Structure formats: C-alpha cells, structure tokens
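J.: Input: one structure, supplied below.
No value in this document is a laboratory result; all are computed from the given coordinates. Note that the coordinates shown come from a computational prediction; the quantities given were computed from them, not determined experimentally. Using ideal geometry, Cβ is built from the backbone for each residue, glycine included, and neighbour counts are taken over all protein chains shown.
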Amino acid sequence: MQLDLRTISIKPLRQTFGHLARRMGADKPASRYIEGTMDLQPVENFHYRPSWDPDFDIFDPRRTAIVMKDWYALKDPRQFFYGAWVLARARMQDAAEADFALVEERGLAAAYPEAGKAVVRSVLLPLRHLAWGANINDSFIGAHGYGIAISQAATYAAMDQLGIAQYLTRLALAFSDIEALAAAKSAWLEAPLWQGLRRYVEDLMVTGDWFEVLVAQNVVLDGLLYPLVYDRLADALDASHGPVVSLLTRFQSEWAGENAKWLDAVIKVAAADSPENAEKLAAWVGQWRARALEAVAPVAEAAFGAEGAAVLAEIAEDLSRRLTKAGLSLGASA
Amino acid sequence: MDMKVDKKLGLKERYALMTRDLAWETTYQPMDKVFPQVTYEGIKIHDWNAWEDPFRLTMDAYWKYQAEKERKLYAILDAFNQNNGHLSVTDARYINVLKLFLGSTPPLELMAARGFTNVGRHMVGAGPRVACLMQAVDEYRHFQTQVHSISNYNKYYNGMNEFAHQQSRMWYLSDGKSFFDDAITAGPFEFMVAIGFAFEYVLTNILFVPFISGAAYNGDMAAMTVGFSAQSDEARHMTLGLECIKFMLEQDPDNLPIVQRWIDKWTWRGTRKLASVGMMMDYMLPKRIMSFKEAWEMYFEQNGAALFNDLARYGVKVPKCFVQTVAEKEHVTHQSWIGFYMKPDSTPFHTWIPEKDELDWLSEKYPNTFDKYYRPVLEHFDAQEKSGNRFNNKTAPMNCQVCISTIKFNDPDDPMKTLIRSKTYKGEKFHFCSLHCEEIFDAEPEKYIQAYISSHQVLQGNCAPEGVDTTAPDFEPGAHIAAYWRLDKAATGDFNGSEDQANFAAWRRQATSN
C-alpha cells in the first residue's frame, strides 16, 4: 500500500548546469559528487605565474609526466565530495570510538600481555610519523594535482593520514604509554629499522611529479605496509594475545581497503588512457616497489621474525595482482 | 563524542602529541628543500614551536562535528527543493543576487581550497600546517555546498547554468579571479595575510552579511542555511588568520614592514572586490538589511578600527586605504549598479531601476550623495527606458591593471570626476583606478603586467570561437563575445519583461491559487 502524496509540480527549464550536460551528453540531473567536482578548476586565462614556481601556470597539466585526454576521468568510485567524505569518516569514527571505549571499560589494554605491548611499541607507534609524512605528500598532490577529481580526493586522503597518525597516538595513550611515544620517535629518527622508510618518505617530499608521488606513497608503500601491519600483524597479535590491537586499529584496516578502491580506479583509468601512461606507471611501480620492499623488510622481520620475508612476499604478490588487474604490465622483477 | 582527556595530560599537551609531535626535522633531504617556499618572501621565523594553535581540533572530532552539520544542511536543502522553496523568496529580482554570487563566490572558495592546501603543504610548523589543511577541506565544503544550494535555482531560472565556463572568461568576474590568482601566486605568508587575515578577518562580515542575512531576509532558506552552517568554520578561519599575523610579528621585527605592506595591499584589493557586494545590499535585495554605508561603518570603521588598535602593540598601522574607503562608501555601490545597468548585453543577470520607494530608501540612507549625484541619473535612465530609448553602452570597458575593476570610481576629492591614473612601464601604458592600485603595481610591476584583461583580449581577437579568421579585414572583435562567454540572451538585460519575471509570477500563481 502506497500513500499518494502530492507536491506542486513545476516543469524545470533545465536539469543541470551547462558544463555537466555537455559532459554527460544529455541534460539530466547530476549527482552531488558530479556537481561539486567536474570541470570546476580554472584551466585558462590565469592572471599571474606563481612566484614560487614561475615556470608553470597556477594549475598546469605539465606538472606530471602522465597525460590525460580528460583529467576528470580520474573519478573517485566512492564519489567523495566533502559531505560524503565526512559522513563516511564519521561513521568509522563512531565505531573506533566505541572500540576505544570498550578497551578502556574492560581494562583490556592494562591486561594486555607484555609481549604484545612490546610489538605495539616497536612496530606500531613509529608509524604515526610515517602517516604524518604521508599527510605531507598527499597534500602536495592536493595542491598541484590537475583537476578537482584528483585534488579533492588527495586532500581528503591527506586528512585521513593525519587522522591515522592521531589514532596511533591514541593507541599509545590507551596503553597509558606516553613514554613509548618518545621512544618510538627516537626509533623513527635513528634506529636502523626505520631509516629505509624515513628516507623513502623524505625523498618523496622533494619529488616534483605529483602522480609519481601518488604511485610511490599511496599505491606502492601503503599497498604493502597497511596489509602487513593492520591485517597480518593485527591478526597475529589477536591470535596470541586477544583482540585488542585489531580493535584499536580498525579504522586503519577499513580505510586501507576503501582507499585502495579509489587508487585502483585512478591507476586503471590513467593506464587505459594511453600506452605511454601505462608504461610510465609500470616503471614508477617497478622503481618504487623495489625501494619500498627493501624499506619495509626490516619492519616485517620485527613483526614476524624469520617469517617476515615470506609474509612480505605474499603481500607483494597481492599488490602485483591488484595492479595487474588495474591494467599495468609489471615485469618479473616488479 | 570528544576524545577523553587522558588524566595525566592537559588539553594542550594532548593536542601537541596529536599534531606537532608527529613532525620531525628531515635529514635525508634538507629541510630547505622539503619546505622551499617559506624563506623567499623575506619573513623570518626563528621558532615554529612558538605558534599558538588557534583551535585544537583533532580529526576524529572534526569528522564528527562536520558530519552533523552536513547531515542537517543537506536535509534542509532537500526539503527546500522538494517543496519549491524558490517560490517563497520575496521577489524574483532576488534570484539575481544568487546569479552574481554563483559566478563570483564558489569558484573563489575553490581557489581558497587549493591555496590553503598549498600553504598547508609548505608551512614548516606542524601547528600551522594542520590548521591550514583543515581550512582547505572546509573551503571544499563551502564551494560545494554553495553549488549544491544554487543548483536547484539553476533548474528554474536563467543565468546560472554557465558559471563554470564563465568563471575565467566573463569581464566582471576578472576582479575576483585576479584577487585569488594574486594570492595563490604569492608566497605562503602573503597568502595567509591576503586570504586568512584581510579577506577572512578584516572584511569577512561585509562579505557574509549581504549574502547570508540577505538570504534570510528574502526567504531563501537554502542559501541562508548554507551560510549559517558555514559560520562555525568561518570562526575557526578568522582565528587562524589573526594568529598567523601575530605569529609573524612576534617572530622578528623585520617582518613588520613586509606584513604592513601586505595588509595595506590586501585590504585595498578586498575593498575593491566588495564594491559589487555592496551593490547587492543597496540595489538587489528586495528586502534590505542595511545600507552598504551602514555596514561599512559598523564592520570596517568600528570593528576594523578596534582590531587595528589591538594590533598597534606590534607596530601595525591602520591600512593606508582607510581614509579613501570612508570617502568612497557613499559612492561606490551607486556607481557599480549604474555601471552594470549600462551594459545590458553583457551580464548573465538582470538589472533594473529601483522602484520609487526604493529610491526614497536610498535617498534616506545616502543623504550626502544620492539625491545630488545618483538619483537624477537613475531617474533619467528610467525615463529613457520608458520612452523606448534604453541606454546601452556597447563599448568595452577600460580596466585597472591591478584590481581589474572597470575604471568608474570617482576621485575621492571630486565626485564629478572619474579617477584614472596612468603610467608607462617598459614602453607600455597601464591604467589604474586609484593611487593604491598604482602603488601595488609599483611594488611588483613584473607581476601585474601579466594581468589578463578581458577588453584587451577581445580587441586582440583572442575571444573568437575556433574557425573564425581574426585577421580578416572585416573581423569585428566584439561580434563573438557572447558566444565566447556562452551568454544566454534570456539571462541578459532588464528584469522587467524577462522570462524569469514571467515564470516566477506564473509559478507562484500556480502554487498559491486553485
């Protein structure tokens, strides 16, 4: 049974804005993601060159080696405009908040075995600095990426990484372990275990091609590190010591899966646009993946001991499958 | 809910762990290569840690608060649209405010988003980086909620559907575009003074009052809700702008003359940009809030002066243009409206001569100038229009090389004289609307000679569609400009007799009678 409610119906003159009707090939209603994204970045008649980089226009497609016929083809399958993004994150935050509350109420952190705490301190906590580095690198993409489709998604990712750095800080606080944060920072700065990763993100901070940064930081490094730490290590800790770490890192694990869908879509579309793009992307993946594997290897070993290399190899294969599915031809070495 | 404050930690310490403790001094790449933008403007920062966080918001709380606001906002927009809310505005003339707004504001919010992302990438201190990035995503919010709230009006009224195309092409949108292009191409500190301080702090009320109160006064719940929902974001942005000024001034005495020059420059550039906003208050809102003159006195002369008194302890002086803005406040809005009225073929919004009671309101609000200078002009135009001889200025305007406004404002000492200043630089002649703009040019001539001036481009044949031979002897530069703008004829000219006027009347009848 349906109620026949009525409203006064007035025939509109048009369904959407001109630039969207031309893009969609028809005058039909556009989603809020499309309305808030497509064709809105200025592309012409700029008044001045940037004083901080006068070789380029304010927005300039020449800031990357990737060439796209249409930069707005790099759509976000999550359709994240600002409102959709904060609603999605607020839902995840609600869950995380409940998890942190549960851990506190039940005294789960206090009761967590020392062996587990040691892994949290040595492997998880230094990652808050890595997430901060990712925030810097993603904000670079947000500043210089071409078109709003990529710039807004990268800027939201930058804020997500800041959130992750803050969740890791809260993790230490949940264990009442403020001193561990200082020790983790020293380790990040000095311990050989972390120097490969620190060099990796610092090198990206001076890499000028924003698409290369996207590949190296988000696709390759996150693609290896997040499954290693937030899936495999969290599972292993749960099995040994009870499900505390997976509760307190649920945001990261869920986020990585969701973020990968966005990245896979971007890579797939960019690679499909031209053989040159596909080749360039594969070359970047090859080059940065070799470095990332080397940098992550000691972390895998710290997390899994002698089995670390095998675990990392499996994850590397998963990443290769992901990227092959996205249309990249990765050589045997990659 | 907010994060529980750890018993051992104060809020400030906790926030420091959540932000600045995350940062480190890079060593594999030198800091000056990682953050290359923070030194060349001459601003000296000795201790980034001295930055006082203007608000302490972690991402979890940010997501939570912002999501609540978004939920409410979009629920109201949906209800407004479903119930033909556009028919509840005071008068269809009001919708022209939205047309001017859509062309001039969301595209600039987007520039603010990109600009704050860049500053958020390039500031060395973690405190300002986080605050700037948060503002960057807020600006995405403002840009998108504005587009979303006006989208429904676009379905029913003319003049809004090509805003994306027109943002970089339309002559009268060049002033706003040049303002943000100027800021984003400056270094990060100047950007913060330009947008964070001058625009979002000193001038923010003059920007917000006309649009948001105007929407509230005129029955536009969609635009009103967007504005009120943005207000708590704006409060954060204001504190960031002010903190940035104080931080620079506290770090080194050598920063003062640089900051003062930027304050002088950007307060003036903002003032010029606001002339068209003031025009909305005095001419375009059917139900008026207050006159632009009253707003200027309250928000700029009083509140602004209080702010600069507060900053006097750092040696900051009231912006140089202060006196001129006071002298101009009784003139600029009339000159702007008359300027737009005179060009009925060149804007995607309608103009009109105010009704008699509206002219009387202007006489009362502007006792020193309206009856003496402007009412006679408007009454003359009205008589001409009614006798079938509507004034139509078909020539291209002359523009100020710096603010890109059309040269139309009077000499501060003589209301009957248009102010125009000119000078030759490297063999080329440039024009300015004011001494302040000329001084801005003199400080950075190599920047301002790059300005894109629509009138010049048309005359050079750069605004013709592809396939038109601009070198042909019979090429007429102005003939293609409407096509270049994608200007819909139905959206131009007089409100009286427009399709908008007829549709609104018919739809309102349909909605209110049987």
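J.: Please give the charge dipole size of the range A:76-325, origin at the Cα centre, charges +1 on K and R Cβ atoms and -1 on D and E Cβ atoms. Round to the nearest 20 debye. Numbers along the way, then the final one.
T.: On the way: 21 positive and 32 negative charges, 32 e Å.
Charge dipole, the range A:76-325, about its Cα centre: 160 debye, nearest 20.
J.: Under the Karplus relation 6.51 cos²θ - 1.76 cosθ + 1.60, θ = phi - 60°, what is the ordered set of whole-Hz ³J(HN,Hα) values for the range B:509-514, x standing for Gly and Pro?
T.: Couplings: 4, 4, 7, 10, 10, 9 Hz.
J.: Tell me, what ³J(HN,Hα) does each residue in the range B:326-331 have, in order and in whole Hz, if you take phi through Karplus 6.51 cos²θ - 1.76 cosθ + 1.60 with θ = phi - 60° and put x for Gly and Pro?
T.: Whole-Hz 3J(HN,Hα) from phi for the range B:326-331: 5, 5, 8, 4, 9, 10.
J.: Taking the highest mean first, how do the peptides A:124-136, B:146-158, A:230-242, A:106-118 order by number of other beta carbon atoms within 10 angstrom per residue?
T.: Values: A:124-136: 24.9, B:146-158: 23.2, A:230-242: 17.9, A:106-118: 13.7.
Peptide ranking by packing, descending: A:124-136, B:146-158, A:230-242, A:106-118.
J.: Show me A:276-282, A:6-12 ranked by packing, highest mean number of other Cβ atoms within 10 Å first.
T.: Top to bottom by mean Cβ count within 10 Å: A:276-282, A:6-12.
J.: Could you work out the helix-only [θ] at 222 nm for the protein assembly as shown, with each DSSP H run of four or more residues adding -39,500 (n - 2.57) and the total divided by the number of residues, to the nearest 500 deg cm²/dmol?
T.: Helix-only estimate at 222 nm: -17000 deg cm²/dmol.
J.: Using +1 at the C-beta of Lys and Arg and -1 at the C-beta of Asp and Glu, which of A:15, A:260, A:328 has the Cα lying farthest in the positive direction of the dipole of the protein assembly as shown?
T.: A:15
J.: So what is the relative contact order of chain B, in percent, for Cα pairs below 8 Å that sit 6 or more residues apart?
T.: 17 percent.
J.: Roughly how crowded by other chains is peptide B:143-156, in terms of the mean Cβ count from those chains within 10 Å of each of its Cβ atoms?
T.: The per-residue average across the peptide is 5.
J.: In addition: Of A:75/B:489; B:365/B:423; B:177/B:317, which pairs sit farther than 31 Å apart, going by alpha carbon to alpha carbon?
T.: Pairs exceeding 31 Å: A:75/B:489; B:365/B:423.
J.: Shifting gears a bit: How would B:404, B:440 line up from fewest to most surrounding beta-carbon atoms within 10 angstrom?
T.: In increasing order of surrounding Cβ atoms, one gets B:440, B:404.
J.: Here is a follow-up. If contacts are Cα pairs under 8 angstrom and at least 6 residues apart, what is the relative contact order of the range A:76-325 in percent? Walk me through the numbers on the way to the answer.
T.: Details: 250 pairs, mean separation 60.0, N = 250.
Contact order relative to length: 24 percent.
J.: Quick check for me: using +1 on Lys/Arg Cβ and -1 on Asp/Glu Cβ, what's the dipole size of the protein assembly as shown about its Cα centre, in debye to the nearest 20?
T.: 1060 debye
J.: Okay, next question. Pairs to check: A:69/B:447; B:99/B:386; A:280/A:325. Give those whose C-alpha atoms are more than 22 Å from each other in this structure.
T.: Listed pairs above 22 Å: A:69/B:447; B:99/B:386.
J.: State, to one decimal in nm, how far the label point of residue A:240 lies from the label point of residue B:372, with both points 7 Å from Cα in the Cβ direction.
T.: Each label point is offset 7 Å from its Cα along the Cβ direction, giving 8.6 nm.
J.: Here is a follow-up. For a label point 7 angstrom out from the Cα of residue A:67 toward its Cβ, which stretches of the range A:277-314 have the backbone nitrogen within less than 17 Å?
T.: Label zone hits: A:277-282.
J.: Determine the gain in length on full extension of the stretch residue B:254-residue B:383; use 0.36 nm per residue of separation and subtract their C-alpha separation, reporting nm with one decimal.
T.: Stretched fully, the residue B:254-residue B:383 segment lengthens by 40.5 nm.
J.: Just flag the trypsin sites (Lys or Arg not before Pro) in the range B:395-443 sitting in loop per DSSP whose Cβ has no more than 16 other Cβ atoms within 10 Å.
T.: Hits after loop and neighbour filter: B:426.
J.: How high is the FRET efficiency between residue B:303 and residue A:276 when r is their beta carbon distance and R₀ equals 60 Å, given to the nearest 0.05?
T.: The value I calculate is 0.60.
J.: If amide hydrogens are placed 1.01 Å from N in the peptide plane, which non-local residues have theirs closer than 5 Å to the one on residue A:41?
T.: Answer set, sorted by chain and number: A:148.
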